[in-house]
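The values are calculated or read from the model by the stated rules, or taken from the named source; none is laboratory data. Computed from a predicted model, the values in this text were never measured in an experiment. Glycine gets a Cβ as well: all are built from the backbone with ideal geometry, and neighbour counts include every protein chain shown. When the accessible area is computed, the model is the full protein with side chains, heavy atoms only, and any ligands, DNA or RNA have been set aside. Shrake-Rupley method; radii C 1.70, N 1.55, O 1.52, S 1.80 Å.
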Amino acid sequence: MPLAPLIGHGDARRRLARAHRGDRLPQVLLVTGPSGVGKQRLALWLAQLLVCEQAGLDPCGECRRCRLVMGLSYADLHWFVPIPRPKAGDPDKQVEEAAELIADVMEERRGSGLWAPPDGMASHSMASVRLLQRRASLTSVEGGARIFIIGDADRLVPQESSPEAANALLKLLEEPPPGSMFVLTTVDPRRVLPTIRSRAVPLRLARLADQEVREFLAAHLQPPLAGTALEERAALAAGAIGQAVAADETAGQAYIAAHELLAAVLSGPGPALERALRQPPYQARGEFAAMLDALADTLGEAARGTLGQPVRRPVPDALLRHRSPAPLLRAIERVGQAREAAWGNVNPQILLAVLGEELAEVL
Ligand SMILES: [Zn+2]
């Protein structure tokens, strides 16, 4: 099954196509925008544009190369996605394991044509970066451009091995091999290492119109949705198709948990807050990380609300009473710190207790 089509982002496409035509395309691009808005899908579209046998402002979608890219089978397309940490002890074995884990993800995506965000604890470990280095050192199989996509580039693990991993990647981004293009994507460029950020040309993607989301969902979601169910799902997407695709139980639960925590924090010190902070421990770190992401997203939405912009996701009313977004931005910063600590070995329950107190202070 080919990948589901890229929806919207006409401005970004036109800018990229014009730059490509004028041979002005940067070798390192950092695509930013809300989760699920289509950043990696745009990167795949760009890959298609770069290798398409017909020179146009859009990839033709029909030629052999276009079809191979859409089948995720083009030899010079290397798509790196966050994966669980390889378990092997030997570094070479770890690289092999990373290659297999990524191949498994690609196989899944070939089967469904759609994908949900990675597990909260999946990352680009040192093994993935070494795999990237190895692949970058090869020559082009097809004799054309080579494209490296690094999805969720903020997931380069800031752990013990990170300086090495980061430096290896930096060298590559500083002097990309001729004929190669690197497309990194992230929800929040502030979470990408500044040294990486400074080497990339940014491209920001905006949320899609609800109508675009609705049309896409009606055409591509399995099992199909219609009527109120379709409306609800489109509303949940808040202009980002990936959010609607991922709106299964896990994603829904992360938002529910985030809302419960916010409600408890906003009720002030007392039994409700204490209860919330003494929740049974999270079974999986991934769930805890997903809750923190949902929390940051909800706070971000509230910050937009305080600026008079339309709020596209349910937000507790009390958050919208702030006169400026400043307290909400401080709260997002605290959540980001907890998110980073969650990468390490800090107990989620302790993190939650500290975060709850900090949020109560700030909000
Ligand atoms: Zn083509």
Review point. Within the stretch 191-210, can you find the residues that are surrounded by fewer than 13 Cβ atoms within 10 Å (Cβ to Cβ) and without any contact (Cβ under 8 Å) to a residue 60 or more places away in the chain?
Key: 194, 198
Check your understanding: From 99, 88, 75, which residue is out of contact with any Gly (no Cβ under 7 Å at 6 or more places or on another chain), away from the ligand (no atom under 16 Å from the Cβ) and closer than 29 Å to residue 246 by Cα?
Key -> 99
Practice item. Return only the number of the condition from (1) surrounded by fewer than 16 Cβ atoms within 10 Å (Cβ to Cβ); (2) assigned to a helix (DSSP H, G or I); (3) at pLDDT 95 or above that residue 167 does not satisfy. Key: (3)
Revision key, fill the gap. Just one listed residue, out of 350, 332, is surrounded by fewer than 15 Cβ atoms within 10 Å (Cβ to Cβ) and under 19 Å from residue 120 (Cβ atoms), and it is 350
**Study point:** Any pair with Cβ under 8 angstrom, 6 or more apart, that starts in the stretch 226-246 at a residue that is more than 20 Å from residue 302 (Cα to Cα) and modelled with pLDDT of 85 or more and ends at one that is basic (Lys, Arg) and part of a loop (DSSP other than H, G, I, E, B)
**Key:** none
Review point. Going by the structure shown, is residue 265 in contact with a Gly (Cβ under 9 Å, 6 or more places away or on another chain), assigned to a loop (DSSP other than H, G, I, E, B), under 22 Å from residue 338 (Cβ atoms) and not acidic (Asp, Glu)?
Key: no
Check your understanding: Of the residues 312, 285, 304, 321, which is more than 21 Å from residue 348 (Cβ to Cβ) and touching a residue at least 60 places away in the same chain (Cβ under 8 Å)?
Key -> 312
Check your understanding: Of all residues in the stretch 13-39, which are crowded, with 21+ Cβ neighbours inside 10 Å and part of a helix (DSSP H, G or I)?
Key -> 16, 39
Revision key, fill the gap. All conditions in (1) part of a helix (DSSP H, G or I); (2) surrounded by fewer than 21 Cβ atoms within 10 Å (Cβ to Cβ); (3) modelled with pLDDT of 90 or more are true of residue 295 except (2)
Exercise for review: Among the candidates 68, 49, 57, 42, single out the residue that is within 16 Å of the ligand (Cβ to nearest atom) and open to solvent by less than 20 Å² (accessible area, probe 1.4 Å).
Suggested key: 49
**Study point:** Single residue of the stretch 40-79 satisfying the filter (within 29 Å of residue 191 (Cα to Cα) and in a loop (DSSP other than H, G, I, E, B)) that is nearest to the chain's Cα centre (by Cα)
**Key:** 72
Point to revise | Meets criteria (open to solvent by less than 70 Å² (accessible area, probe 1.4 Å), within 16 Å of the ligand (Cβ to nearest atom) and not in a strand (DSSP E or B)) for residue 130 | key: no
Revision key, fill the gap. Residues in the stretch 86-111 that are crowded, with 19+ Cβ neighbours inside 10 Å and among the small types (Gly, Ala, Ser) total 1
Check your understanding: Residue check: is residue 264 touching a Lys or Arg at 6+ places or on another chain (Cβ under 8 Å), buried (at least 21 other Cβ atoms within 10 Å of the Cβ), of a type outside the set (Lys, Arg) and at pLDDT below 85?
Key -> no
Point to revise | Single unsatisfied condition, residue 114 versus (1) open to solvent by less than 30 Å² (accessible area, probe 1.4 Å); (2) part of a loop (DSSP other than H, G, I, E, B) | key: (1)
Exercise for review: Could you please tell me which pairs satisfy a Cβ distance under 8 Å, a separation of 6+ or placement on different chains, a first residue in the stretch 53-70 that is closer than 16 Å to residue 5 by Cα, and a second residue that is near the ligand (Cβ under 6 Å from one of its atoms) and in a helix (DSSP H, G or I)?
Suggested key: 59/66; 60/66
